[in-house]
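One structure is given here, and the rest of the page talks about it.
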Amino acid sequence: MELTALLVSRDRPSLRVLAALLDVLQIEHQTCHSSADAVELLVRRHHSGLIIDFDLPGAGQVARMAQMVTPQRKPVVYAMVSAFTPVGGAFQSGVNFVLYKPMIYEQVARSLHAGQRLMRPNPRHSHRHPLEALVHLQFGTTTLPAIMLDLSEQGLALQAPEPLPAVHHVPLHFLLPGTSHLVEGTGKVIWADDDGRAGMFFSRLTPASRHHLKNWLAKRGSKTKDAVRVLLPPQKSRRSVTTSH
């Protein structure tokens, strides 16, 4: 199976060097210019490598999201940094290699070649896991992306790149996995932990959302007992969420 890389940057000189080297290494590559688009692409398809410009707003969140996908789909992560980039934040986000700007062809070539050895594609895991979908949570003016881990008619379990704020009712929306149907409404956080995992009860869904969700679950043969399991926290997750006014 061919290796693929996702480049997240607006720095044209750096992108030219990276594209040329990836072509030499026979690694297919795709470029996006915003962190929000990168998060969508990470969940939508498998990438063997992820090269993130840490001078781009939201870069750290992209790197943390890359660490949250299933182990079989986790990419090798490169951080592009300049003399003014806080390097500590890059390493805290789970970066494997650092590429320094301005790009020097020979140095970047060595790093890409070293990372290529860690990219182990597995055809059985190349497609998105059925329940590994992106859900967007709205906290005031801030949108926080998270990966949906499980789903029922009553609610969902998720993994966010950071602990959820201490609020109960959160506007949310997501596409049902494998469809173009949008589910939107409000969720109530019933448990959360310090690692970003949480369980949410659907306090309100639009009629169309409820209809599509019910049909989607019926086609998957989901049982009533699954609804309880989805909403229960793991044994180690004991932090409750208090309501803020």
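For region 136-145, does any single residue satisfy the condition of being at pLDDT below 90, open to solvent by less than 10 Å² (accessible area, probe 1.4 Å) and in a strand (DSSP E or B)? Within region 136-145 (the criterion being at pLDDT below 90, open to solvent by less than 10 Å² (accessible area, probe 1.4 Å) and in a strand (DSSP E or B)), the answer is no, since none of the residues qualifies.
Given the condition over 12 Å from the mean Cα position of the chain (by Cα), open to solvent by 10 Å² or more (accessible area, probe 1.4 Å), aliphatic (A, V, I, L, M) and more than 22 Å from LEU149 (Cα to Cα), answer yes or no: does some residue in region 25-37 qualify? The answer is yes, given that some residue of region 25-37 is over 12 Å from the mean Cα position of the chain (by Cα), open to solvent by 10 Å² or more (accessible area, probe 1.4 Å), aliphatic (A, V, I, L, M) and more than 22 Å from LEU149 (Cα to Cα). Selection of region 178-221 for residues being out of contact with any Lys or Arg (no Cβ under 7 Å at 6 or more places or on another chain), surrounded by 16 or more Cβ atoms within 10 Å (Cβ to Cβ) and in contact (Cβ under 8 Å) with a residue 40 or more places away in the chain yields GLY187, VAL189, ILE190, TRP191, GLY196, ARG197, ALA198, GLY199, PHE202, LEU213, TRP216, LEU217. Among the residues making up region 1-24, those that are buried (at least 16 other Cβ atoms within 10 Å of the Cβ), touching a residue at least 40 places away in the same chain (Cβ under 8 Å) and among the hydrophobic types (A, V, I, L, M, F, W, C) are LEU3, ALA5, LEU6, LEU7, VAL8, VAL17, LEU18, LEU21, LEU22.
Taken over region 54-100, the residue count meeting the criterion of being at positive phi and at pLDDT 80 or above is 1.
The values are calculated or read from the model by the stated rules, or taken from the named source; none is laboratory data. Predicted, not measured: the structure shown is a model, and the values here were computed from it. No Cβ is skipped: glycine too gets one built from the backbone with ideal geometry, and neighbour counts run over all protein chains shown. We work out accessible area using only protein heavy atoms, side chains counted, and drop any ligands, DNA or RNA first. Shrake-Rupley method; radii C 1.70, N 1.55, O 1.52, S 1.80 Å.
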